[in-house]
Amino acid sequence: MNPNQPHPLTRDPEQDGFWGWIDRASVWAGGWLNPILIKEARQALKSKQFVITFFLLLASSWLWTVLGIVTLSPDVYYMPSGEDMLQGYYFVLALPLLGMVPLVAHRSLAAEIDDGTFEMLAITKLSSMRIVLGKLNSALLQMMIYFAAVVPGLAFSYLLRGVNMPTLVMMVIVVFFTALLMTTAALMIATLASHRAWQAFALLAVLGCVLFAQFLCAGVCLGGIVGQDAGSMPESWLYVGVFGLVGSGCMVLFVKAAAARIAPVTENRSTGLRWCMFTLQLLWIFAMMLIPMHYANHTPDAYVDAEPINFAMMILAGFWLIMGALMLAESPELSPRVQRTLPSTFLGRMFRMWFNPGPGTGYMFALCSGVAAFATMAVFSSSAAFLNIYQSPSTHPVAMALLMSGYLIFYLSAVRIVCLVLGRWLGRSFVLSIATLAFVLFGSAVLPSVGSVLLTGDLPQAYSPLELPNWMWTLDEAFSRGIGLSAAMLVFLLGAMLWVLNSLLLAREFSYRRIAEPTQLRMEKQSEALV
Amino acid sequence: MIASSWNGPAIELQRLCRDFGSTRAVNDVSFTVPPGGVFGYIGPNGAGKTTSMRILATLELPTSGDAFIQGLSAINDPDRVRGRLGFMPDGFGTYGDTNCAEYLDFFARSYGVIGRDRTRRLRRVMEFTGLDQLAYKPIRGLSKGMKQRLCLGRALIHDPAVLILDEPAAGLDPRARIELRQMIRALAAEGKTILISSHILTELAEMCDSVGIIERGCLLATGTVEEIRRQLRKTRNILVRILGDVAPAVKLLQPHPAVDQLEGERGLIRFHLHGGDDVQVELLRILTDARIDVLDYATVDESLEDVFLQITQGHVQ
Ligand SMILES: Nc1ncnc2c1ncn2[C@@H]1O[C@H](COP(=O)(O)OP(=O)(O)O)[C@@H](O)[C@H]1O
Ligand SMILES: [Mg+2]
């Protein structure tokens, strides 16, 4: 650390021999690593928080080993006690991975944004995606290091017998995966709060997610996986795989959304996200068909239970309502930069226009994707019915598809109209559209009860078609006694009417055409292509 | 670096406007800076300097108008503009627990400067800014002057062709100011295009090829310092030294319509002259024609501060 010596970072690796080669190779490899990862790793090594966490982890791992042996004595010497020991190690692993890591990642990105260091980062050549991935990589590195501190403990519990290797592996996978999912969510939430006032809420949201994940994961891992020895059941691997698939889709969506939030406003921040939502929907449909099909092949009386598929439709309707509301906050003005990349051929315009940025295309995109998905799932269930390998659910899949389509179209159209009106005074924002969505959903749910109280002076006693605007009661009914085709048709028709009203306001956005690139840019791209 | 075929202006603002709510921070500002030029951007606090520079640096969007760096729009092609631009903001956050070398190294990597280029640029920039002595020093412990050097170093790390420096001298002690000025001159000599802002005209006058004076979002005047001075000199101070009594000369000059605030005593006459060079020559002819012995006949320069105060009306937002 002699200040007169040049700093090691400013020196080229010049030595010969093996160590020189190692030196050169690592410098070369470092050039390709994400700069943020390098920076954060350097900072982490210096930061007390990281060092303290690591040694606390190590210490609690050892402490539990000693404590566990003492409390389990003398059984531990001749009985398989791995499972009891593992419960302690689970918490030593899950508390930092599921709690600390997402919070640190969230703070790290949020602090970057409100300390003003982010702007300096934004004007470098790092893309917004690389910035987010850099933060994610740092979190992953931390997870690896924390994991390393617990590995001896896990190995020890295996040696004590009572835990199978597949179960142990499954538990570690689930913890890692959940931690990664939480981290991407935390990163996305960090980019949502651009004002200081919102940051407290953002932190609360992350804390909520983390706590929820902590409980859920503990239940699944200790009760489900370790308790049932799930690693040796192929069925549970199917679930891990299916949820892993959908979860990965969510992760990509979160990361892309975070990157879009911090990207320059003139960039096309929407099309990529829409492809992502679309893919996530495909994964969801695939997963939700796979599970009933698996049971159909593995149960003696071979039937397809359509109830989970109805349930999947409901989740999807919620998904598209929220995504649709978020897309409604996009700006209807397309920057010249975006207009340069619009599809220009007839076919391209027909199929890809839905992916163009803008609230109008977003609205149509959400509706079309949702309705197409409901139709697909209804056809799947119905064909199973046709093949007589079908257990009838409470609501017929076709009625369910109509009902969900109707609700999606009706509520999103209503939100769009309200946002168009309110937006004139308040301006477009995510907060406005989500608040409107919440308000519309709540209002519609209480409407029949309020009407009934006003007219008869009493709350409605039993479900009737008058309760259709109350989506909560209707859904409850759909999964208990079932909703008829005619009621579902009615909801769908109401939605369609609101859609017709809306579509009158849509034309402008679909009329955007591709524009030419400026000469200087074209020349530069040509010279790049030559190099 | 990409071989650029561009030979137009290095920086160009086209009718740039930016509103914050009802305040118009930048109002229809246009100017160009040729490659290798040093442009001083001068105006009181709240004039809109920072806002327009942030638009150029791709950090802010204009309400209307466009800004170009080497012919590429900072609004529509920010990713391409960023590589050729070094921006030094007036206030900036740093990672307190990194040291200077690590900080610069991080930004070198972020700008895609890797391998031997990276170590070469790091050495070059640290030597240029004098940070090589402070390589191990954590940023938290740096003085304001050293922080400014670090910030300049960061702006230079990827060897950009265009530099945008927002009030780099603000809050520095006189010595640091002089050193900063030397560094900027050295950069100009290397052929970098520089846009530099300040609220003090004299600070920039000697190192700028041209200046623009902005107030309340409007560009009031552009040109070389000399041009601006002349353009705005509607009245000039004339000092006449006369051998002998001043009374006859005073009697001759006093009634002239272009002469104002005349005072004469002990061989010296001062007055304000309204009008151009022709009027000034005419007055001298009147004096010599009347056979008055004129020793000196000179215009007295107004200080730059006077010019500045004349142009701007002292509105501070
Ligand atoms: N983010 C902002 N929000 C609202 N007003 C702003 C913002 N940034 C600048 N302004 C306003 O714009 C005007 C110009 O500010 P600025 O460009 O910082 O001036 P200068 O750098 O010349 O001192 C000021 O009136 C300032 O209050
Ligand atoms: Mg300023």
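Starting from residues that are of a type in the set (Val, Ile, Thr) and within 16 Å of ligand 2 (Cβ to nearest atom), keep the ones in segment B:51-65 and report whichever is farthest from the other protein chains (Cβ to nearest Cβ).
Within segment B:51-65, the first condition is being of a type in the set (Val, Ile, Thr), and the residues that meet it are B:51, B:55, B:58, B:63.
Going one step further and asking which of them are within 16 Å of ligand 2 (Cβ to nearest atom), we end up with B:51, B:55.
Numbers: B:Thr51: 14, B:Ile55: 12 Å.
Ranking the candidates gives B:Thr51 first.
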Would you say A:Leu402 is in contact (Cβ under 8 Å) with a residue 60 or more places away in the chain, open to solvent by 20 Å² or more (accessible area, probe 1.4 Å) and not β-branched (Val, Ile, Thr)?
-> yes
Only listed residue being in contact with a strand residue (DSSP E or B) (Cβ under 9 Å, 6 or more places away or on another chain) and either away from chain B (no Cβ under 14 Å) or among the charged types (D, E, K, R) (or both), chosen from A:Glu517, A:Glu467, A:Glu524 = A:Glu524
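Do we find that B:Leu239 is outside the structural domain of B:Gly37 (by TED's automatic domain parsing) and either open to solvent by less than 20 Å² (accessible area, probe 1.4 Å) or more than 16 Å from ligand 1 (Cβ to nearest atom) (or both) in this structure?
Numbers: outside the structural domain of B:Gly37 (by TED's automatic domain parsing): yes; either open to solvent by less than 20 Å² (accessible area, probe 1.4 Å) or more than 16 Å from ligand 1 (Cβ to nearest atom) (or both): yes.
So B:Leu239 fits the description; yes.
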Checking B:Asn76 against (1) within 7 Å of chain A (Cβ to nearest Cβ); (2) closer than 26 Å to A:Gln43 by Cβ; (3) away from ligand 1 (no atom under 16 Å from the Cβ), which single condition isn't satisfied?
-> (2)
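Considering only segment B:1-24, state which residues are within 15 Å of ligand 1 (Cβ to nearest atom) and surrounded by fewer than 24 Cβ atoms within 10 Å (Cβ to Cβ).
Selection gives B:Cys17, B:Arg18, B:Asp19, B:Phe20, B:Gly21, B:Ser22, B:Thr23, B:Arg24.
Looking for whichever is under 28 Å from B:Gln148 (Cα atoms) and assigned to a loop (DSSP other than H, G, I, E, B) here; the options are B:Asn45, B:Asn76. Which one fits? Quick ask: steps written out before the conclusion?
Working: B:Asn76 fails: under 28 Å from B:Gln148 (Cα atoms).
Only one candidate passes the filter, namely B:Asn45.
For residues in segment A:15-40 being of a type in the set (Asp, Glu) and within 14 Å of another protein chain (Cβ to nearest Cβ), which is nearest to A:Val101 (Cα to Cα)? Write out each step before concluding.
The initial filter retains those residues of segment A:15-40 that are of a type in the set (Asp, Glu), namely A:16, A:23, A:40.
Among the residues that remain, those that are also within 14 Å of another protein chain (Cβ to nearest Cβ) are: A:23, A:40.
Details: A:Asp23: 31, A:Glu40: 13 Å.
Looking at residues that are of a type in the set (Asp, Glu) and within 14 Å of another protein chain (Cβ to nearest Cβ), I get A:Glu40.
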Segment A:96-129: number of residues that are facing chain B (nearest Cβ under 9 Å), surrounded by fewer than 20 Cβ atoms within 10 Å (Cβ to Cβ) and at pLDDT 90 or above | 2
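Please go through segment B:182-212 and pick out each residue that is assigned to a helix (DSSP H, G or I) and of a type in the set (A, V, I, L, M).
Applying the first criterion (assigned to a helix (DSSP H, G or I)) to segment B:182-212 yields B:182-189, B:201-205.
Hits for segment B:182-212 are B:Met183, B:Ile184, B:Ala186, B:Leu187, B:Ala188, B:Ala189, B:Leu201, B:Leu204, B:Ala205.
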For segment A:9-80, which fully contained helices (runs of 4 or more DSSP H) count at least 3 residues that are in contact (Cβ under 8 Å) with a residue 12 or more places away in the chain?
-> A:35-46, A:48-72
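Given the condition within 16 Å of ligand 2 (Cβ to nearest atom) and modelled with pLDDT of 90 or more, answer yes or no: does some residue in segment B:77-88 qualify?
Our first condition is that a residue be within 16 Å of ligand 2 (Cβ to nearest atom); within segment B:77-88, this holds for B:87-88.
Pick out the ones that are also modelled with pLDDT of 90 or more and you get B:87-88.
Looking for residues that are within 16 Å of ligand 2 (Cβ to nearest atom) and modelled with pLDDT of 90 or more, one finds at least one in segment B:77-88, hence yes.
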When only residues in segment B:177-217 that are open to solvent by 20 Å² or more (accessible area, probe 1.4 Å) and at positive phi count, which is farthest from ligand 2 (Cβ to nearest atom)?
-> B:Gly191
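So in segment B:41-58, with the set limited to residues that are of a type in the set (A, V, I, L, M, F, W, C) and more than 8 Å from ligand 1 (Cβ to nearest atom), which one is surrounded by the most Cβ atoms within 10 Å (Cβ to Cβ)? Walk me through it before giving the result.
Pass one, segment B:41-58, residues of a type in the set (A, V, I, L, M, F, W, C): B:42, B:47, B:53, B:55-57.
From the residues that got through so far, the ones that are more than 8 Å from ligand 1 (Cβ to nearest atom) too are B:42, B:55-57.
Values: B:Ile42: 30, B:Ile55: 25, B:Leu56: 24, B:Ala57: 27.
Filtering first and then ranking leaves B:Ile42.
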A:Gly423 passes all but one of (1) farther than 13 Å from A:Ala329 by Cβ; (2) free of Cβ contacts under 8 Å to residues at least 24 places away in the same chain; which number fails?
-> (1)
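Name the one entry in A:Ala462, A:Ala516, A:Ala435 that is of a type in the set (A, V, I, L, M), outside any loop (DSSP other than H, G, I, E, B) and open to solvent by less than 90 Å² (accessible area, probe 1.4 Å).
Details: A:Ala462 fails: outside any loop (DSSP other than H, G, I, E, B); A:Ala516 fails: outside any loop (DSSP other than H, G, I, E, B).
Going through A:Ala462, A:Ala516, A:Ala435 in turn, the sole match is A:Ala435.
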How many of the residues making up segment B:28-38 are more than 16 Å from ligand 2 (Cβ to nearest atom) and open to solvent by less than 50 Å² (accessible area, probe 1.4 Å)?
-> 5
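Return the only residue of B:Tyr103, B:Tyr95, B:Tyr111 being in contact with a Lys or Arg (Cβ under 9 Å, 6 or more places away or on another chain), at pLDDT below 90 and within 13 Å of chain A (Cβ to nearest Cβ).
On the way: B:Tyr103 fails: at pLDDT below 90; B:Tyr111 fails: at pLDDT below 90.
Going through B:Tyr103, B:Tyr95, B:Tyr111 in turn, the sole match is B:Tyr95.
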Per the list (1) at pLDDT 90 or above; (2) farther than 19 Å from A:Glu112 by Cβ; (3) more than 8 Å from chain A (Cβ to nearest Cβ), residue check on B:Ala169 breaks on (1)
Subset of segment B:271-292 (residues that are surrounded by fewer than 16 Cβ atoms within 10 Å (Cβ to Cβ) and closer than 15 Å to B:Ala247 by Cβ) | B:Ala290, B:Arg291
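Quick test for you: out of A:Thr341, A:Thr361, A:Thr376, pick the one residue that is within 23 Å of A:Leu326 (Cα to Cα), part of a helix (DSSP H, G or I), out of contact with any Leu (no Cβ under 6 Å at 6 or more places or on another chain) and among the polar types (S, T, N, Q). Even if it seems obvious, please write down each step before you answer.
Values: A:Thr341 fails: part of a helix (DSSP H, G or I); A:Thr376 fails: within 23 Å of A:Leu326 (Cα to Cα).
From the options A:Thr341, A:Thr361, A:Thr376, the qualifying one is A:Thr361.
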Which condition number does B:Glu179 fail, the rest of (1) among the acidic types (Asp, Glu); (2) assigned to a helix (DSSP H, G or I); (3) touching a strand residue (DSSP E or B) at 6+ places or on another chain (Cβ under 9 Å) being met?
-> (3)
Selected residue (criterion: surrounded by the fewest Cβ atoms within 10 Å (Cβ to Cβ)) from residues of segment A:41-58 that are of a type in the set (A, V, I, L, M, F, W, C), within 30 Å of the chain's Cα centre (by Cα) and closer than 11 Å to A:Met100 by Cβ | A:Phe54
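Out of segment A:260-276, which residues are under 15 Å from A:Ala329 (Cβ atoms), outside any loop (DSSP other than H, G, I, E, B) and open to solvent by less than 70 Å² (accessible area, probe 1.4 Å)? Give the steps one after another, and end with the answer.
Initial filter on segment A:260-276 (under 15 Å from A:Ala329 (Cβ atoms)): A:260-261, A:265, A:269-270, A:273-274.
In the following step, the residues that additionally are outside any loop (DSSP other than H, G, I, E, B) were identified as A:260-261, A:273-274.
Across segment A:260-276, the qualifying residues are A:Ala260, A:Leu273, A:Arg274.
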Restricting the search to segment B:122-131, which residues are buried (at least 21 other Cβ atoms within 10 Å of the Cβ) and either within 7 Å of another protein chain (Cβ to nearest Cβ) or touching an Asp or Glu at 6+ places or on another chain (Cβ under 8 Å) (or both)?
-> B:Leu122, B:Met126
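What's the total number of residues in segment A:122-159 that are assigned to a loop (DSSP other than H, G, I, E, B) and closer than 22 Å to A:Ala179 by Cα? If you could, list the steps in order and put the result at the bottom.
At the first step, the residues of segment A:122-159 found to be assigned to a loop (DSSP other than H, G, I, E, B) are A:123-127.
From what is left, the residues that are closer than 22 Å to A:Ala179 by Cα are none.
Matching residues across segment A:122-159 total 0.
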Taking segment B:65-95 and the residues there that are among the basic types (Lys, Arg) and free of Cβ contacts under 8 Å to residues at least 60 places away in the same chain, the one that is most open to solvent (accessible area, probe 1.4 Å) would be B:Arg80
Quick one: how many residues across segment A:277-287 are open to solvent by 30 Å² or more (accessible area, probe 1.4 Å), in contact (Cβ under 8 Å) with a residue 24 or more places away in the chain and out of contact with any Ser or Thr (no Cβ under 7 Å at 6 or more places or on another chain)?
-> 4
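The values are calculated or read from the model by the stated rules, or taken from the named source; none is laboratory data. The structure presented is a predicted model; accordingly, all values stated were derived computationally and were not measured. So basically every Cβ, Gly included, is an ideal-geometry build from the backbone, and we count neighbours across all protein chains shown. Note: areas computed on protein heavy atoms with side chains; ligands, DNA, RNA excluded. Shrake-Rupley method; radii C 1.70, N 1.55, O 1.52, S 1.80 Å.
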